[in-house]
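> Supplied in structure tokens, the structure appears directly below.
The values are calculated or read from the model by the stated rules, or taken from the named source; none is laboratory data. What you see is a predicted model, and the numbers here were worked out from it, not measured in a lab. Backbone-built Cβ (ideal geometry, glycine too); neighbour counts: all protein chains shown.
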Amino acid sequence: MQKFKGIIEGGICVRQIEDFVPETEKRYFVVYGKPFAASSDEEIPEIVKNCAKRISSKFFSVDIVERTDGVKRVVEIGDGQVSDLVGWSVERFTELWMEYK
């Protein structure tokens, strides 16, 4: 970076490479601290529940993926401005807001 840009802005982030299982990424939404899954009968992973407890935002998304050893990892937490619902029906997405009208 320094060679081509002249300076390093804001530091460098080094992350460990992990082996994820393709097609295991799932999106969850959290509304006022309560996590929701794309299916009402789907169990919410503990890692998503922990995010819901620790993040004070009224609405956000949590994307998780499974590693090859079975461990679930958070790959993204967003402000809810996602590009699509990733496995969610419009009807199910609407349901999670009905508690708060």
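> I need the full set of residues from region 25-50 which are touching a residue at least 24 places away in the same chain (Cβ under 8 Å), surrounded by 13 or more Cβ atoms within 10 Å (Cβ to Cβ) and part of a loop (DSSP other than H, G, I, E, B), in order please.
E25, A38, P45
> I'd like to know if region 70-87 contains one or more residues that are part of a strand (DSSP E or B) and either polar (S, T, N, Q) or in contact with a Phe, Trp or Tyr (Cβ under 7 Å, 6 or more places away or on another chain) (or both).
Yes: one or more hits.
To keep it simple, each residue is scored yes or no on (1) modelled with pLDDT of 95 or more; (2) farther than 16 Å from D84 by Cα; (3) of a type in the set (A, V, I, L, M).
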residue	(1), (2), (3)
E25	no, no, no
V31	no, yes, yes
D41	no, yes, no
E46	yes, yes, no
C51	yes, yes, no
R54	yes, yes, no
K58	no, yes, no
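> Name the residues in region 56-65 that are farther than 17 Å from A38 by Cα and surrounded by 13 or more Cβ atoms within 10 Å (Cβ to Cβ), would you?
Correct list: S57 only.
> Continuing with this model, one more query. Just to verify a result, which residue in region 78-101, among those that are among the aliphatic types (A, V, I, L, M) and surrounded by 14 or more Cβ atoms within 10 Å (Cβ to Cβ), is nearest to Y32 (Cα to Cα)?
L96
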